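S.K.: Handing you this structure, nothing more for now.
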């Protein structure tokens, strides 16, 4: 049998209601091509891509419109044929601004050849050429962080990778984009996963899926029928944040990534299922990453839907296609409810990392008052890293940033488990972020001083 | 004092705030309300066994604590905190920790001390190092030793003016045998709460029902009550095994004095006790050891030990927290890697 419970479990974590039923059974729908796409040059971690088209240029579907500019960066392509209407600063779904290329799309343009040469015989090709394809196709980690995939797939020679973990946990409540992709396109995801393994030269594939998504696990298991015996699906206990890289590596392999280290330090690479799908599309079909699955849901949208939509679609268009927002819309969240970003407006475009768009009604967004810590210890129990969020937040509050730094606030990845359980409604994540920002600034200043 | 900010933008008015955007729904108010609910069986037992005196003390302490809280916050120019119910809990717990005959004005003094001195001087809920109700009890005990150790107002046993622990201590001090045998009938009386003592501490059964409710609601964890009561049991068992003539059996120690009230409600006060499971075990064991030392050392004047044991351990809470921090994920591995370099 290729499916079994995960052998380990990280310490801590929380059980928020999964709120996935509204969209769990809805098949992915292709979004009708929007009239305008606002394609950001910063949809990934690292340096923004440099635009290589000018206003007025005509572009074809899949054409390169911004080039990776630096070691950690990623190409950006036109999701559809059309005309470049503008190149200007625009807000990103992560609350920053970056240069965006605005395309007036041409719905009548004939579907042309794929921009890159399909490699259906990838099993016979050198891993290097497959890696190059991943890089040209502008693929980034689609689970949220958006780290350029080709960089992740080129570990230094002294870090041998023996295990590839395919991350299908989707532990964020509300989201079903990865779930639907696994259910409907399991064979493609599985082939993408095998391509990644070939690039890495990794021996073992481990798939991690939370045990509340059995249909997805079943679909993938069927696709894996012919897989080598060592490939295996592990059902993770439904517990937030199982989808977090380091926690997942522990749950699946029992290995602990050293503090401040990377998965490759323990011989692992973790790739999201949407990323694996994008790798399949880029290698087998020669298509760059320009579209993705995104769940639009929440009690303030009329028709919750799982879309397969082009990158650059404005959230306003996405909401309009989902039957429109209800009058009680009070909060708009790009991503999941635990780590997503609340946006001030619908006039923001989705990116390669947008797995969900949540519309929360007024009832879910009541104002609250935060109180002094009552020392209940629930955050301490919830923290998947073993940090003491109570003490860290008190240190940050007292501006004792040194204390916060000594107590490893920099390791916090802002999963929000502590703030979720806090009965005093303390803004724990906010305190961590502030402490981290101050420390980062200090370190940068210190590095500058060293140079001069 | 963070409330999410309203942000007016084009289109609908959207609220912007830091993640996470969902919350468990837990609140300080609900936790305090759960403690009040959990204390209801003990309150009922107090009213049953001590009648009007119990009612008088409960009403006095609760009213005093609420009024003091309101006045203190007003004088300090801070927000009104009556709505978090913590002053209500303190008032109830203080009343349950008083002997039935205590004059009303002394109970008022205790309530004022609990809120004004033991809590608000430090900044209010969350900042107080000692359990306010216990600090007030200690204050009353030192200030009014006589009234605080006079039990003759008990409605059931007018012949005795001491608590079981007091009678035992005096007897053993004098080298006399145990003043009564812990037979089945007496054990049942003690279990139900039919004995001299503070109005809320005598009924072990009522207190245990409340503790089970708190466990069910996950307001408390098992660590402190089990470690505390377990330590008392083991300590008593050893003493009794070594010298049965000059010590009482285990169930006597478990059912008398403030052990159940202390272990289930006072030593589990979140603010003044450790945050980690290991820390709570250490805290509970410490309380148990101190309780038994105070109870059984013959040179000691005071037969009860629970409240002082908890107060002393409260002082150690910051130290225990520091010593029992969780192992940070990957810290050991990072240290190993560092060592290899």
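S.K.: Of all helices (runs of 4 or more DSSP H) completely enclosed by the range B:253-341, which ones contain at least 1 residues that are in contact with a helix residue (DSSP H, G or I) (Cβ under 9 Å, 6 or more places away or on another chain), over 18 Å from residue A:390 (Cβ atoms) and not assigned by TED's automatic domain parsing to the domain that holds residue B:176?
M.R.: B:331-340
S.K.: What pairs can you find where one residue is in the range A:353-372 and within 11 Å of another protein chain (Cβ to nearest Cβ) and over 15 Å from residue A:425 (Cβ atoms), the other is assigned to a helix (DSSP H, G or I) and at pLDDT 95 or above, and their Cβ atoms are less than 9 Å apart, with a gap of 6+ or different chains?
M.R.: Cβ pairs passing all conditions: A:359/A:319.
S.K.: Another question, if that's okay. Based on what the data block shows, is residue A:115 touching a residue at least 60 places away in the same chain (Cβ under 8 Å) and in contact with a strand residue (DSSP E or B) (Cβ under 8 Å, 6 or more places away or on another chain)?
M.R.: Against the criterion (touching a residue at least 60 places away in the same chain (Cβ under 8 Å) and in contact with a strand residue (DSSP E or B) (Cβ under 8 Å, 6 or more places away or on another chain)), residue A:115 qualifies.
S.K.: Just one of A:66, A:49, A:85 is surrounded by fewer than 19 Cβ atoms within 10 Å (Cβ to Cβ) and more than 30 Å from residue A:385 (Cα to Cα); which is it?
M.R.: Residue meeting the stated conditions: A:85.
S.K.: Inspect the range B:147-154 for any residue being at pLDDT 85 or above and assigned to a loop (DSSP other than H, G, I, E, B) and give the result as yes or no.
M.R.: yes
S.K.: Among the candidates B:118, B:109, B:63, which residue alone is under 23 Å from residue A:376 (Cα atoms) and at pLDDT 95 or above? So that I can check it myself, show each step before the final result.
M.R.: On the way: B:109 fails: under 23 Å from residue A:376 (Cα atoms); B:63 fails: under 23 Å from residue A:376 (Cα atoms).
The conditions single out B:118.
S.K.: Kindly list the number of the only condition in (1) in contact with a strand residue (DSSP E or B) (Cβ under 9 Å, 6 or more places away or on another chain); (2) touching a residue at least 24 places away in the same chain (Cβ under 8 Å) that fails for residue A:303.
M.R.: (2)
S.K.: Also, quick follow-up: Across the range A:411-426, what is the number of residues that are touching a helix residue (DSSP H, G or I) at 6+ places or on another chain (Cβ under 6 Å) and not in a loop (DSSP other than H, G, I, E, B)?
M.R.: Going through the range A:411-426 one residue at a time, the tally reaches 4.
S.K.: Taking the range B:323-341 only, how many residues are more than 8 Å from chain A (Cβ to nearest Cβ) and crowded, with 17+ Cβ neighbours inside 10 Å?
M.R.: Qualifying residue count for the region: 1.
S.K.: Pick from B:233, B:237, B:227, B:206: which is closer than 30 Å to residue B:107 by Cβ, in contact with a helix residue (DSSP H, G or I) (Cβ under 7 Å, 6 or more places away or on another chain) and either assigned to a helix (DSSP H, G or I) or not assigned by TED's automatic domain parsing to the domain that holds residue B:271 (or both)?
M.R.: On the way: B:233 fails: closer than 30 Å to residue B:107 by Cβ; B:237 fails: closer than 30 Å to residue B:107 by Cβ; B:227 fails: closer than 30 Å to residue B:107 by Cβ.
Checking each option against the conditions leaves just B:206.
S.K.: Residue by residue through the range A:300-315, note down the ones that are within 12 Å of chain B (Cβ to nearest Cβ) and surrounded by fewer than 22 Cβ atoms within 10 Å (Cβ to Cβ).
M.R.: Matches in the range A:300-315: A:314 only.
S.K.: Assess whether residue A:69 counts as being in contact with a strand residue (DSSP E or B) (Cβ under 9 Å, 6 or more places away or on another chain), on the phi < 0 side of the Ramachandran plot and outside any strand (DSSP E or B).
M.R.: yes
S.K.: Give the number of residues within the range A:323-365 that are in contact with a helix residue (DSSP H, G or I) (Cβ under 7 Å, 6 or more places away or on another chain), closer than 20 Å to residue A:101 by Cα and surrounded by fewer than 23 Cβ atoms within 10 Å (Cβ to Cβ).
M.R.: Adding up the residues that qualify gives 2.
S.K.: Another one. Is it true that residue A:407 is more than 22 Å from residue A:9 (Cβ to Cβ) and touching a residue at least 12 places away in the same chain (Cβ under 8 Å)?
M.R.: Yes.
S.K.: A further question on this structure: When the residues of the range A:1-26 are narrowed to those that are assigned to a loop (DSSP other than H, G, I, E, B) and away from chain B (no Cβ under 14 Å), which ends up nearest to residue A:294 (Cα to Cα)?
M.R.: Restricting to residues being assigned to a loop (DSSP other than H, G, I, E, B) and away from chain B (no Cβ under 14 Å), the top hit is A:26.
S.K.: Return a yes/no flag: does the range A:316-335 have any residue that is in contact (Cβ under 8 Å) with a residue 60 or more places away in the chain, closer than 18 Å to residue A:272 by Cα and more than 12 Å from every other protein chain (Cβ to nearest Cβ).
M.R.: no
S.K.: What residue, of A:363, A:405, is closer than 30 Å to residue A:302 by Cβ and assigned to a helix (DSSP H, G or I)?
M.R.: On inspection, the qualifying residue turns out to be A:363.
S.K.: Scan B:98, B:47 and give me the residue that is in contact (Cβ under 8 Å) with a residue 24 or more places away in the chain and touching a helix residue (DSSP H, G or I) at 6+ places or on another chain (Cβ under 7 Å).
M.R.: Values: B:47 fails: in contact (Cβ under 8 Å) with a residue 24 or more places away in the chain.
Result: B:98 is the single residue among B:98, B:47 that is in contact (Cβ under 8 Å) with a residue 24 or more places away in the chain and touching a helix residue (DSSP H, G or I) at 6+ places or on another chain (Cβ under 7 Å).
The values are calculated or read from the model by the stated rules, or taken from the named source; none is laboratory data. Not measured: the values here are computed from a predicted model. Every residue, glycine as well, gets a Cβ built from its backbone with ideal geometry; the counts of neighbours run over all protein chains shown.
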